[in-house]
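As structure tokens, the structure follows; a few thoughts come after it.
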Amino acid sequence: MGSTSHLKQTLHLDVLRCKSVAGVHKELLMIALAYNLVRLVLLRAGQAQNVGVNRLSFIDALRWLCHVRVGQPLCPLIVLPRRPGRIEPRVRKRRPKQFPLMKQPRPTLRKALLQQ
């Protein structure tokens, strides 16, 4: 899985929430900081476990970071099995709902429903 997939899938960062240019810049900087921190944990764990970084679980490193206490040593991360030739199609399993997108505030939409 590439770095873009980690950001979008694992870190749930497929949608930027800020509306201003300065906010988007800050959000992108925080995303880069979080990603690099996880990669640093993977690097240190790989060195300690004598395993390549690409064999360690990204989500396991992220979970460790979320629950670590100050001064706590790095615990061994999950080593992924070798799976040569493994390839998966990039498709969505579930179909999107057939409802329109919300383009007005919720109270406005409620008032419109009550007037019908």
inquiry  = Being part of a loop (DSSP other than H, G, I, E, B), exposed (fewer than 11 other Cβ atoms within 10 Å of the Cβ) and in contact with a Lys or Arg (Cβ under 8 Å, 6 or more places away or on another chain) is true for just one of 90, 82. Which residue is that?
reply    = 82
message = Condition (residue is touching a Leu at 6+ places or on another chain (Cβ under 9 Å), among the hydrophobic types (A, V, I, L, M, F, W, C) and over 27 Å from residue 14 (Cα atoms)) applied to the stretch 51-58: is it met by at least one residue?
response = yes
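Any idea which of 8, 19 is of a type in the set (Lys, Arg), part of a loop (DSSP other than H, G, I, E, B) and either modelled with pLDDT under 85 or farther than 29 Å from residue 83 by Cα (or both)?
Numbers: 8 fails: part of a loop (DSSP other than H, G, I, E, B).
Of 8, 19, the one residue that is of a type in the set (Lys, Arg), part of a loop (DSSP other than H, G, I, E, B) and either modelled with pLDDT under 85 or farther than 29 Å from residue 83 by Cα (or both) is 19.
The values are calculated or read from the model by the stated rules, or taken from the named source; none is laboratory data. Keep in mind it's a predicted model, so treat the numbers as computed, not measured. FYI the Cβ positions are ideal-geometry reconstructions off the backbone, even for glycines, and counts take in every protein chain you see.
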